[in-house]
Structures are given as structure tokens and as C-alpha cells.
Amino acid sequence: MENIFAKIAQDTTKFDLGDEEGWRKLYEPLYAEAPDNVGVVKDESYGPAERNRLDVYFPLEEKPGGYPVVLYVHGGGFFSGDKGWSEKCWANVGFFFAQRGFVTVLANHQLVPHVVYPGGADDMQLAREWIFENIAKEKYGRGIPEKVVLLGHSSGGAHIAMNLYAAGDEFLDNCHLHSLLTQDIGDPKRKTNVPLFPPVAGVIYLSVPFWFDRRKPVRQRVIRHYWGSDEEEVWGPLSALGLFKNLPEDSPLLDSEQLPVYIGSVKWEVKETADATVAFLNAYRERTHVFHCRV
């Protein structure tokens, strides 16, 4: 670990395109080998897009009543990343939670420039509905579909947030679940949706870009591709932060007893993401009915 600590101390918050591969190579030797008490099912399709694929990790020991579920969604700046970045990364996340009694789903999402808003949010809706309809099967470890925690890192967390705070689902017009989707959400142009159906037991946001610094050229390109314009008046209301601020006052998403939320960051966070996290935390504190904070 000494070489990793030295690299962190050297780079602090520096992060440029291509740096992620260097960091992966540093961490790769530290990942444990696959344990023999975890089952894995890979590359299940949860939607029509090529990248609508997920992996399931589950404890092999049977448990009466089944296991709670974690859905982990990778980051990558909206334009990169994968549920299987390498043979061990992000499989280590699946193995970690499965060994601790969770059926764990690792899902891909569509990437810029091959997707536009709200495509990433719709991916999350499709993944959640796949879990609700399939995760209780023996093949997937008998997960409990009513006990699902959403865990998103970076852009994966942004897509989860935009799904909860804005999403309907363009792909589900004829789905029987759509008869249940009736509640207004943060984006009035989207189809109405009950944000907590399928059920969500909690949300964990790790280093999530709820907002953006559009002065960065790379960020400008991503925003233009995804939202159609890098003008803040266009993308701002449709960002995770903007959608959250526009939630109706009676939304269950504003009740942290109905939807517990963990908002996490790290010491050497990229300033853009750190600022966005603070902005979202402040908005969450102002709008939610119950709030607890530990720094």
C-alpha cells in the first residue's frame, strides 16, 4: 500500500483523462481472489441497449427468507467505465457484499456519446425493475426485491439520482408496472412515475457529480452530448441537483425515514465533485423532513 499512499500524496486532487487506468493497475494486485462461497451469474440482459447488462453475486449458503440486495452502478464521467473494468475490478465489490450477506447486482449503463438525457436514468429504472421481477429466483441467490439499496459511484450515482428524482421510463409503455406509476416527479416533461417503485430501502451516493463545472472543456463536451447544450439554463434543471430542488413538497423522496440517503466523499476529492456534493448536501438538509449529518 505504500506506493498507493505515496501516489495519493503526490497527486492529491489531480485527475486527468487516462489517469484511471494507472490507478487501476496500482490497485489490481491488492484485490482478493474469487471466494468459493459466492455464486456469480454474469451478463444478464436488463433492457434493449447493448450495455443494458448486469452481473449478480450472491451467497451460496441458503438463508430462510432470502438476502437483502445491493445494486452497484459504476462511475466513469458519463463516458467510460464498466461493471467488469478488469477480471477483479469491480468484481471485488460483488464479492465483498455477497460475503457479508447481500445479493449484489453490478450494472452497466449506456455511455456518452451513445446516450442522451434521460437515457442513463432510464437504464437505472430498467435495472431496478429487472431486480424486482427476477432477484428472488434461486438462480440469483433468492434476493429480497423489497429490500434493495442503490449504491452509485460518480456518474453511476448521478444516474441513480436522476432516475429517482425525475425518471419515468420511455421503454415501459406497455409494461404492467406502468399502471402503478402515477406520481409527479422533479422533471415535469418526463412521464409520471412512483419514484420508490420498485421499492428502494436506501441510497448511497459516493463522490457523485450532482452539479458540474462547465468551464472544463471535457465537461462541456459531455454536457453537450448528454443534455444537448452546455448552457446552464438547459442542463442545470435536469441535473441531479436541479431535479432534486424541483421535487414536489410532498414527495416521499424528501422523507429520509422513507428513503434513507448516505452522501459520501473522500479527502482528496476532485474540487468540482466536492463542491457539487456540498451543494447537494445543503439542498438535502434544507428540503428533507428528517436529517442527520456526521462529518
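All of the numbers you see were taken from the coordinates with simple rules; none came from a lab. Treat the numbers as computed from the prediction; the structure is a model and nothing was measured. Every residue, glycine as well, gets a Cβ built from its backbone with ideal geometry; the counts of neighbours run over all protein chains shown.
Quick notes on this structure:
- Were the residues from Tyr31 through Val266 laid out at 0.36 nm apart, the gain over their Cα-Cα distance would be 82.6 nm.
- Calculated FRET efficiency for the pair Arg24/Val218, C-beta based, R₀ 25 Å, to 0.05: 0.85
- Remark on the range 31-287: ratio of C-alpha radius of gyration to 2.2 N^0.38 Å is 0.96.
- Distance between modelled label sites at Glu44 and Thr12, nm, 7 Å Cα→Cβ extension: 4.5 nm
- Within the chain, longest stretch clear of exposed chymotrypsin sites (Phe, Trp or Tyr not before Pro) (DSSP loop, no more than 13 other Cβ within 10 Å): 1-267
- Calculated FRET value between Ala274 and Glu138, using beta carbons and R₀ = 41 Å, to 0.05: 0.40
- Net charge contributed by nearby residues that have their C-beta within less than 12 Å of Arg287 (K/R +1, D/E -1): -2
- Listed by chain and number, the aspartates and glutamates whose C-alpha is less than 14 Å from the C-alpha of Lys25, apart from same-chain residues fewer than 8 away, are Glu87.
- With eigenvalues of the C-alpha gyration tensor scaled by 5 and rooted, the range 29-105, Å: 22, 16, 10
- Considering only the chain, percent of DSSP beta bridges that pair antiparallel, nearest 5: 35 percent
- At most 16 other Cβ within 10 Å, DSSP loop - GluC sites (Glu not before Pro), the range 1-97: Glu33, Glu50, Glu61, Glu62, Glu87
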